[in-house]
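Quick notes on the structure that follows.
The values are calculated or read from the model by the stated rules, or taken from the named source; none is laboratory data. This is a predicted model, so every value here is computed, not measured. Cβ: placed from backbone, ideal geometry, glycine included. Neighbour counts: every protein chain shown.
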Amino acid sequence: MPKKSDSLNEINFYDDENHFYEDFWKTRKYEHFSEVLAINKLLKNKHFKTAMDFGGGYGRLSDTLLKFSDQVILVDPSKKQLDIAKKKFESKGQKIKYVLLDKKDYIPSEDNSLDLLIMVRVSHHIIDPTKLFKDIFRAVKPGGYIIVEVASNAHFLNRMKLLAKLKTPSKTPVKVGSVANGIKDTTPFVNHNPTTIIKQLEESGFKFISKLSVSNYRSTYLKNKFDTEKLVKLEKLSQKSLSYVNFGPSIFILLKKD
Ligand SMILES: C[S@@+](CC[C@H](N)C(=O)[O-])C[C@H]1O[C@@H](n2cnc3c(N)ncnc32)[C@H](O)[C@@H]1O
């Protein structure tokens, strides 16, 4: 196991008393259900003993993960997020274990111990994820799976905007201008190119299995015009086909450790 050395000071902003991550989701039901749909689709017919929700915050997706696993390990560097989760999941007892992350680029688990790890909406806080991906590979069991979500800089609208300037999406991370919901300016906040992330994960040893394009209809206009249920139905029909062109702002990637 790697030694504990790197400080996590720069990533504990979700502990900020003025930052309420849960509130961010009050107006994002369509995006939430789209992500739940993607996880359900990628994990269909699979069952795991131990699943880790890495950077899982207050456990927004831990419930979904519990449907596919006997136990969920919710890991986050924010004590505030974990405390919210503990209250929320009081009735789940031992089915959810909470671990406060105290080291960067590190999975708090023995070698070859996890059957599944998911990392959703975390990569945008990690500028260079290569060290972390190698540690994820160390911690996952042979035969185990991972789902990594990428906040994509190569989504359709961005590609069109860049095309107008005769440019293509950057292969390297792109800093995102403003950060939602009061996160400090100093917080690392980047979008990644999904093709680069898949390459980095493969170089860490994982085998690419499939990907889905998620939150494809994330637009204020569409969200005002259609109710969430209708948009989610449309989303369900298109996550796979639109993944071939990396259409959406969020790409969910399923990989396996052979
Ligand atoms: C946008 S939230 C996502 C939470 C959850 N995965 C979800 O989708 O609702 C990002 C989470 O990642 C955690 N985080 C930030 N930087 C991290 C890092 N370098 N390693 C692990 N977790 C990190 C934060 O504390 C926060 O809870």
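Scoring Ser113 on the criteria (1) among the hydroxyl-bearing types (Ser, Thr, Tyr); (2) in contact with a strand residue (DSSP E or B) (Cβ under 8 Å, 6 or more places away or on another chain); (3) buried (at least 17 other Cβ atoms within 10 Å of the Cβ); (4) farther than 26 Å from Val214 by Cβ leaves a single failure, condition (3). Kindly indicate whether any position in the stretch 102-115 is among the polar types (S, T, N, Q) and within 11 Å of the ligand (Cβ to nearest atom). No: zero hits.
Annotation: of all residues in the stretch 43-78 being more than 10 Å from the ligand (Cβ to nearest atom) and out of contact with any strand residue (DSSP E or B) (no Cβ under 8 Å at 6 or more places or on another chain), the one that is nearest to Tyr14 (Cα to Cα) is Asp63.
Of all residues in the stretch 202-219, exactly one satisfies the criterion of being surrounded by 23 or more Cβ atoms within 10 Å (Cβ to Cβ) and over 28 Å from Lys29 (Cβ atoms), namely Phe206. Only a single criterion out of (1) assigned to a strand (DSSP E or B); (2) touching an Asp or Glu at 6+ places or on another chain (Cβ under 7 Å); (3) among the aromatic types (Phe, Trp, Tyr) is not satisfied by Tyr106, namely (1). So if I check each of Lys256, Lys240, which one is over 20 Å from His155 (Cα atoms), modelled with pLDDT of 95 or more and not acidic (Asp, Glu)? Being over 20 Å from His155 (Cα atoms), modelled with pLDDT of 95 or more and not acidic (Asp, Glu) holds for just one of Lys256, Lys240, which is Lys256. For the stretch 123-135, check the following and say yes or no: at least one residue is assigned to a loop (DSSP other than H, G, I, E, B), buried (at least 20 other Cβ atoms within 10 Å of the Cβ) and among the β-branched types (Val, Ile, Thr). Yes; the residues of the stretch 123-135 include at least one that is assigned to a loop (DSSP other than H, G, I, E, B), buried (at least 20 other Cβ atoms within 10 Å of the Cβ) and among the β-branched types (Val, Ile, Thr).
For the stretch 26-34, the criterion of a residue being modelled with pLDDT under 95, assigned to a helix (DSSP H, G or I) and more than 10 Å from the ligand (Cβ to nearest atom) is satisfied by at least one position.
In the stretch 79-99 there is no residue that is within 10 Å of the ligand (Cβ to nearest atom), assigned to a loop (DSSP other than H, G, I, E, B) and touching a Leu at 6+ places or on another chain (Cβ under 7 Å).
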